[in-house]
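Report on the structure given below.
The values are calculated or read from the model by the stated rules, or taken from the named source; none is laboratory data. From a predicted model like this one, the values you see are computed outputs, not experimental measurements. Positions of Cβ are backbone-derived with ideal geometry, glycine not excepted, and every protein chain shown enters the neighbour counts. These accessible areas exclude ligands, DNA and RNA; they are computed on the full protein's heavy atoms, side chains included. Shrake-Rupley method; radii C 1.70, N 1.55, O 1.52, S 1.80 Å.
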Amino acid sequence: ENLQIPAEEIQNRINKTLTKLQIEELRYKETHTLSFGQKRLVTFASLLTLDPQVFLLDEITAGLSQAYTDIIKTILQELKAEGKIIFLTDHSREFLKLADQIIRLNFE
């Protein structure tokens with residue numbers, strides 16, 4: 001509502017995002033009862049609901065199963081296709097194919 005988005009649109013976005021991430025069952029859970037991975041999914045869902053132009057994601061799949069990693073990868077591909085800007089840090093090579101540019105940091 002602070003972003004001048006009607007309440008009905010907010011609810012529609014929340015429903016769509018929870019369904020897309022397959023986390024509808026977490027909707028009414030208290031955050032202190034969620035696992036580390038569930039908290040990461042809820043955080044990502046809140047970002048998707050805001051629909052920003054730029055995403056800053058730090059190890060977005062840490063603590064997640066491969067099934068959820070695959071879901072997030074699909075969503076990131078969709079966001080990229082929509083022209084969204086995604087900055088992503090990760091230790092795995094899981095998302096390299098999504099990258100337009102890769103910056104490798106080596107602190108050895």
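Each row is one residue, and each column tells you yes or no for (1) touching a helix residue (DSSP H, G or I) at 6+ places or on another chain (Cβ under 8 Å); (2) closer than 26 Å to residue 102 by Cβ; (3) free of Cβ contacts under 8 Å to residues at least 40 places away in the same chain; (4) not in a helix (DSSP H, G or I).
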residue	(1), (2), (3), (4)
3	yes, no, no, yes
11	no, no, yes, no
17	yes, no, yes, no
42	yes, no, yes, no
63	yes, yes, yes, yes
73	yes, yes, yes, no
77	yes, yes, yes, no
88	yes, yes, yes, yes
### Message
Taking the criterion of being among the hydrophobic types (A, V, I, L, M, F, W, C) and open to solvent by 80 Å² or more (accessible area, probe 1.4 Å), would at least one residue in the stretch 35-49 satisfy it?
### Response
yes
